[in-house]
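Notes for the one structure printed next.
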Amino acid sequence: MSLLELDKVSKVYKTGTFGGELKPALREVSFNIDKGEVISLIGQSGSGKSTLGKIILHLVPPTSGTVRFEGTDISAIGKAGLRDYYRRVQGVFQDPFSSYNPLYKADRVFDMVKSVYFPGVRGTDWQAKVEAALESVTLNPGDVLNKFPHQLSGGQQQRLLIARALLLDVRLLVADEIISMLDASTRVDVLNLLVDLKRRGLGILFITHDLSLGNYISDQTVILRQGVVVEMGETPKVLGNPQHTYTKSLLAAVPQLHKKWGELGAGATVIPAGEVRAGSSNGKIAHDEVGRYSKSPLHPLRQGRGGSGGPLSSVTKTAGGRPSLMELEDAPWQRRGPKAKKSPSAVLSAYPAPPLQECEAGHFVATES
Ligand SMILES: Nc1ncnc2c1ncn2[C@@H]1O[C@H](COP(=O)(O)OP(=O)(O)O)[C@@H](O)[C@H]1O
Ligand SMILES: [Mg+2]
């Protein structure tokens with residue numbers, strides 16, 4: 001039994017004033033996440049990545065299909081069960097404090113956890129627990145406690161929320177575009193932290209539109225195009241030997257993936273995921289590589305470009321003149337049409353997902369339409 005099992009998960013949003021318009025977002029997505037495994041979910045803006053993250057976090061119900069966590073169908077979880085679910089499954093997002101009341105100190109997020117999950121823990125014991133969690137994400141409690149969100153860097157905010165998740169015996173972390181918008185040095189701290197969490201046995205769904213970030217840390221890669229999985233499997237196979245035209249076009253737009261960044265004149269080095277795993281004995285991205293990675297040309301993204309899961313084309317445009325990838329048009333099943341207007345299930349049955357074939361062991365590719 002995997003930690004998380006997605007079985008033909010589909011989503012069609014109802015939009016419009018009376019919910020009369022249908023917006024298909026995911027079509028029959030199936031894959032598993034095991035303990036201690038990092039899965040990259042890669043796709044352009046609008047491909048349905050966040051929708052899948054929200055479905056896993058029980059924030060959005062799927063139109064059809066099943067999500068099982070530790071063997072239990074999460075749609076059966078009631079209000080009381082949700083509290084327990086969120087003890088084990090947590091999400092961290094790209095701009096975690098954007099909808100947070102700015103008049104509250106950031107560490108209020110810990111108070112919320114305390115009142116719900118640890119009402120009996122006493123003051124100094126609680127303080128010690130929080131400080132231990134902060135230290136385990138390499139935050140100095142003195143730097144972040146008693147501060148307002150705007151006084152913390154993006155990386156500190158995300159690590160603060162990961163620390164909060166760690167207080168909760170979390171087993172699965174959904175990380176939605178958490179690194180793309182950070183400045184480069186903080187970015188590597190958060191990447192290192194994710195590698196460390198994986199070593200502690202957490203399963204991580206690492207959602208990104210950035211192939212090179214996915215390549216860094218993931219065991220498995222799932223390529224999502226317009227809500228459909230077009231290719232998936234072991235990361236070195238999917239990114240090293242892509243089979244689907246779409247994956248190839250994504251890779252073609254990121255030529256640095258298989259090159260040393262130094263060769264590109266960027267003065268930075270990309271460490272493929274395989275080397276991260278097999279490399280230095282502590283399994284972390286070594287800090288000397290950090291400096292070089294910090295010269296990443298993706299840095300300008302931090303200036304608010306791209307928005308939530310910004311389009312890949314904006315990444316490539318800001319990335320030092322590399323070819324940009326045009327956004328693809330909506331797939332037929334995403335266009336509004338007479339069929340799409342009927343009902344969510346009519347949309348789904350009118351456009352069945354293309355089947356995946358195993359092209360080599362541990363590597364699956366969809367039949368191309
Ligand atoms: N609440 C919603 N209502 C209607 N459509 C939505 C909603 N959320 C997302 N969508 C649509 O679903 C598609 C997938 O969105 P999303 O999951 O956010 O993609 P990604 O995270 O890959 O950028 C997009 O076309 C988006 O406009
Ligand atoms: Mg998104």
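The values are calculated or read from the model by the stated rules, or taken from the named source; none is laboratory data. The structure presented is a predicted model; accordingly, all values stated were derived computationally and were not measured. Cβ coordinates were reconstructed from backbone atoms using ideal geometry, including for glycine residues, and neighbour counts include every protein chain displayed.
Would you call Leu41 within 13 Å of ligand 2 (Cβ to nearest atom), of a type in the set (A, V, I, L, M, F, W, C) and touching a Phe, Trp or Tyr at 6+ places or on another chain (Cβ under 9 Å)? In short, yes. If the condition is being among the β-branched types (Val, Ile, Thr) and modelled with pLDDT under 95, then the stretch 55-87 contributes Val60, Ile77.
Among the numbered criteria (1) without any contact (Cβ under 8 Å) to a residue 24 or more places away in the chain; (2) within 16 Å of ligand 1 (Cβ to nearest atom), which single criterion is violated by Val67? Just one mismatch for Val67, condition (1). Which one is surrounded by the most Cβ atoms within 10 Å (Cβ to Cβ), of the residues in the stretch 227-252 that are of a type in the set (D, E, K, R) and over 17 Å from Pro355 (Cβ atoms)? Taking the candidates together, the pick is Lys237. Tell me, yes or no, whether the stretch 123-140 has at least one residue that is of a type in the set (Ser, Thr, Tyr), modelled with pLDDT of 90 or more and out of contact with any Cys (no Cβ under 7 Å at 6 or more places or on another chain). Yes, the stretch 123-140 has at least one match.
Being surrounded by fewer than 23 Cβ atoms within 10 Å (Cβ to Cβ) and either part of a strand (DSSP E or B) or near ligand 1 (Cβ under 8 Å from one of its atoms) (or both) is the requirement here; does Phe18 meet it? No, not satisfied.
Residues that are under 24 Å from Lys11 (Cα atoms) and more than 16 Å from ligand 2 (Cβ to nearest atom) within the stretch 205-227 comprise Gln220, Thr221, listed in sequence order. Considering each residue of the stretch 73-81 in turn, none proves to be surrounded by 23 or more Cβ atoms within 10 Å (Cβ to Cβ), among the hydroxyl-bearing types (Ser, Thr, Tyr) and out of contact with any helix residue (DSSP H, G or I) (no Cβ under 9 Å at 6 or more places or on another chain).
Checking each residue in the stretch 142-155 for being buried (at least 17 other Cβ atoms within 10 Å of the Cβ) and either farther than 29 Å from Ser212 by Cα or modelled with pLDDT of 90 or more (or both) picks out Val144, Leu145, Pro149, Leu152.
Filtering Gly43, Gly91 for residues that are within 16 Å of ligand 1 (Cβ to nearest atom), touching an Asp or Glu at 6+ places or on another chain (Cβ under 8 Å) and within 30 Å of Phe364 (Cβ to Cβ) leaves a single hit, Gly91.
For Phe97, the conditions (1) part of a loop (DSSP other than H, G, I, E, B); (2) aromatic (Phe, Trp, Tyr); (3) within 15 Å of ligand 2 (Cβ to nearest atom) are fulfilled apart from (3).
For the stretch 99-110, the criterion of a residue being more than 30 Å from Leu182 (Cβ to Cβ) and surrounded by 15 or more Cβ atoms within 10 Å (Cβ to Cβ) is satisfied by no position. Remark: pairs (first residue in the stretch 30-49, assigned to a strand (DSSP E or B); second residue of a type in the set (Lys, Arg) and more than 10 Å from ligand 2 (Cβ to nearest atom); Cβ separation under 8 Å; 6+ apart in sequence or on different chains) = Ser30/Lys8; Val38/Lys198. Over 20 Å from the mean Cα position of the chain (by Cα) and away from ligand 1 (no atom under 16 Å from the Cβ): is that true of Tyr100 in this structure? Yes.
Restricting attention to the stretch 50-77 and to residues that are in a strand (DSSP E or B) and not small (Gly, Ala, Ser), the residue that is nearest to ligand 2 (Cβ to nearest atom) turns out to be Val67. Pairs meeting the criteria (first residue in the stretch 101-126 and touching a residue at least 24 places away in the same chain (Cβ under 8 Å) and of a type in the set (D, E, K, R), second residue assigned to a loop (DSSP other than H, G, I, E, B) and surrounded by fewer than 14 Cβ atoms within 10 Å (Cβ to Cβ), beta carbons under 8 Å, at least 6 apart or on different chains) are Lys105/Asn146; Asp107/Asn146.
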